[in-house]
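Worksheet: the structure to be examined is printed underneath.
The values are calculated or read from the model by the stated rules, or taken from the named source; none is laboratory data. Everything numeric here is computed off the predicted structure, so don't read it as measured data. Cβ sites come from the backbone with ideal geometry, for glycine too, and all protein chains shown count toward neighbours. We work out accessible area using only protein heavy atoms, side chains counted, and drop any ligands, DNA or RNA first. Shrake-Rupley method; radii C 1.70, N 1.55, O 1.52, S 1.80 Å.
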Amino acid sequence: MQASAVDIRKVNKYYGPFHALKDVDLAIPPGKVTCLIGPSGSGKSTLLRCINFLEEYDSGEIRIDGQLIGYEAPGRKMSGRKLREMRRSIGMVFQQFNLWPHMTALGNVAEGLVRVRGLSKAEAQARAAEALAKVGLADKMGNHPARLSGGQQQRVAIARAIAMEPRLMLFDEPTSALDPELVGEVLNVMKTLAGEGMTMVVVTHEMGFAAHVADQVAFMEKGELVGVDSPGRILHHPEDPRIQGFLRTYHERNSF
Amino acid sequence: MFSIPVFLQSFEPLFWAARYTLLISGLGIALGLVIGTLVCAARLSPYPVLRGFGGIWVSFLRGVPLLVQLLVFYYTLPVIGIDVPAIFAAVVTVGICASAYISEIWRGAIAALPRGQAEAAVAIGMTPRDVWMRVILPQAFTLSLPALVNELILLVKASSLVSVVGILELTRASQAQAATTFRPLEVYIAAACIYLAINLCLAALGRYLEHRTAV
Ligand SMILES: Nc1ncnc2c1ncn2[C@@H]1O[C@H](COP(=O)(O)OP(=O)(O)OP(=O)(O)O)[C@@H](O)[C@H]1O
Ligand SMILES: [Mg+2]
């Protein structure tokens, strides 16, 4: 059996007294797409953000390619420098895009290459242009985010992440803030990435994407990881009544 | 009756005095920017002692009238054995007072930025320094420009208060002029024209900067 790209073991996270993640165990296989689904407030974003330590987990272990993230050893925090080094190879895409509005599309993508990877400005811009072309935005490089549609902004955000040549990509509801007609263009870029063998963890409410692109689907509820299996088994033949209930609500809401 | 020649003649001596007005508000805002930035940094720092100090600094200086601050500062220095020119005391007091407002202007602009922008920078591995210098501050600066220009305009007007420590700035000079010429109307209208001209220029400068830095 192949080693996991991300190994999450017995992770707990508290917000004050609130127990947001409860003994979560999950293995993310390399080169595969893992979708994280579940009702609102179940802890999907929290878990995703623990993977690159944007959110600190309180106990348990998260290992990226075998290396513990956030801590040197249990209870002892990792240095900022080492954490930044680990984050360099983990791309993240947010629901709200989070582009930097004072920079052009090209500037947004080149910034990390210059500041974090230490490339020269010219080289960074050349690579940024490549990444933007890859997400179909070769003709929008000079635009500021305010001059781009939501779908285009999210594709710039994806380009910003992939330009850093990450080993792992995290997506937190990348299409939830988009008008329905713009969802497709973003999902297509993600499918292409998946086809190239990128390791991806995707929090999503797009069950179609989960069904067709995911290699495994994990279901969360109330801070617990209830089940993880192939999309077919989780989405079409769920055994756990909590998953059945969630899917029933989902289908009712989406039928008309 | 209003005499146009007297009105026009009042300008020359007032221009001299207006230089002090400009000097005090110009140096005052410069000092205010430096101290205000430090105070804002203290208020946003993770250290409770610094945050507390910043908070007290701001509430104290915003809660006491500039006039009283001037008098306190001016009369305290000799008591503790420091002998400085009145103009120095005036600039420092105006600068310290402005720092409280400027630190709040910065803080408001920084708080107005969506948190996610900094998170996106942290997520690709940027250092805290780069996050501030490349993502937060350039935008906060643009956002706060109108408020900063506004603060400068307020300072130009508030600088009339430094006349209490004996500096012959624009307002004090017009009082003197009015007393010797017995033509208060012409003199004060001339002074008003100079204040207005200065502040219209500043407002225009503000609009220009805003336009230039707008995305
Ligand atoms: N910074 C925080 N402080 C306190 N509670 C928080 C914080 N962030 C999240 N929570 C709580 O933790 C729980 C899990 O939140 P999380 O954002 O992970 O849910 P989610 O599954 O991503 O939901 P959604 O589908 O709505 O995005 C929620 O109940 C939320 O209220
Ligand atoms: Mg969420």
Test result for residue A:253, in contact with a strand residue (DSSP E or B) (Cβ under 9 Å, 6 or more places away or on another chain) and either away from chain B (no Cβ under 14 Å) or within 16 Å of ligand 2 (Cβ to nearest atom) (or both): no
Residues located in segment A:191-203, provided they are more than 16 Å from ligand 1 (Cβ to nearest atom) and either in contact with a Pro (Cβ under 7 Å, 6 or more places away or on another chain) or within 14 Å of another protein chain (Cβ to nearest Cβ) (or both): A:199
Top-ranked residue of segment A:73-118 - restricted to ones that are among the basic types (Lys, Arg) and more than 7 Å from every other protein chain (Cβ to nearest Cβ), ranked as surrounded by the most Cβ atoms within 10 Å (Cβ to Cβ): A:117
All positions within segment A:214-252 that are open to solvent by 40 Å² or more (accessible area, probe 1.4 Å), in a loop (DSSP other than H, G, I, E, B) and within 15 Å of ligand 1 (Cβ to nearest atom): A:222
Hits in segment A:126-152 (condition: assigned to a helix (DSSP H, G or I), of a type outside the set (Lys, Arg) and either open to solvent by 40 Å² or more (accessible area, probe 1.4 Å) or more than 30 Å from residue A:47 (Cα to Cα) (or both)): A:126, A:129, A:130, A:133, A:138, A:139, A:146
Segment A:88-101 residues that are free of Cβ contacts under 8 Å to residues at least 60 places away in the same chain, paired with ones that are within 15 Å of ligand 2 (Cβ to nearest atom) and open to solvent by 10 Å² or more (accessible area, probe 1.4 Å) (beta carbon under 8 Å, 6 or more apart): A:98/B:116; A:98/B:119
Filter pass, residue A:211 being modelled with pLDDT of 95 or more and more than 15 Å from ligand 1 (Cβ to nearest atom): no
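The rows are residues; the columns are (1) within 14 Å of another protein chain (Cβ to nearest Cβ); (2) under 21 Å from residue A:99 (Cα atoms); (3) within 23 Å of the chain's Cα centre (by Cα).
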site	(1), (2), (3)
B:106	no, no, yes
B:116	yes, yes, no
B:133	yes, yes, no
B:177	no, no, no
B:182	no, no, no
B:197	no, no, yes
B:211	no, no, yes
When residues of segment B:176-188 are limited to those that are touching a Ser or Thr at 6+ places or on another chain (Cβ under 8 Å) and of a type outside the set (D, E, K, R), the one surrounded by the fewest Cβ atoms within 10 Å (Cβ to Cβ): B:181
Neighbours by Cβ (under 9 Å, 6+ apart or cross-chain): first from segment A:13-32, hydroxyl-bearing (Ser, Thr, Tyr); second surrounded by fewer than 16 Cβ atoms within 10 Å (Cβ to Cβ): A:14/A:58
Residue ID - most open to solvent (accessible area, probe 1.4 Å), chosen from residues in segment B:134-150 that are in contact (Cβ under 8 Å) with a residue 40 or more places away in the chain and among the β-branched types (Val, Ile, Thr): B:142
Some residue of segment B:96-104 being touching a residue at least 40 places away in the same chain (Cβ under 8 Å) and over 14 Å from the mean Cα position of the chain (by Cα): no
For residue A:66: the one exception among (1) surrounded by 22 or more Cβ atoms within 10 Å (Cβ to Cβ); (2) within 20 Å of residue A:168 (Cα to Cα): (1)
Residue satisfying condition, being among the aliphatic types (A, V, I, L, M) and open to solvent by less than 20 Å² (accessible area, probe 1.4 Å), within set B:50, B:70: B:70
Test: residue A:51 is touching a residue at least 24 places away in the same chain (Cβ under 8 Å), closer than 30 Å to residue A:236 by Cα and not small (Gly, Ala, Ser): yes
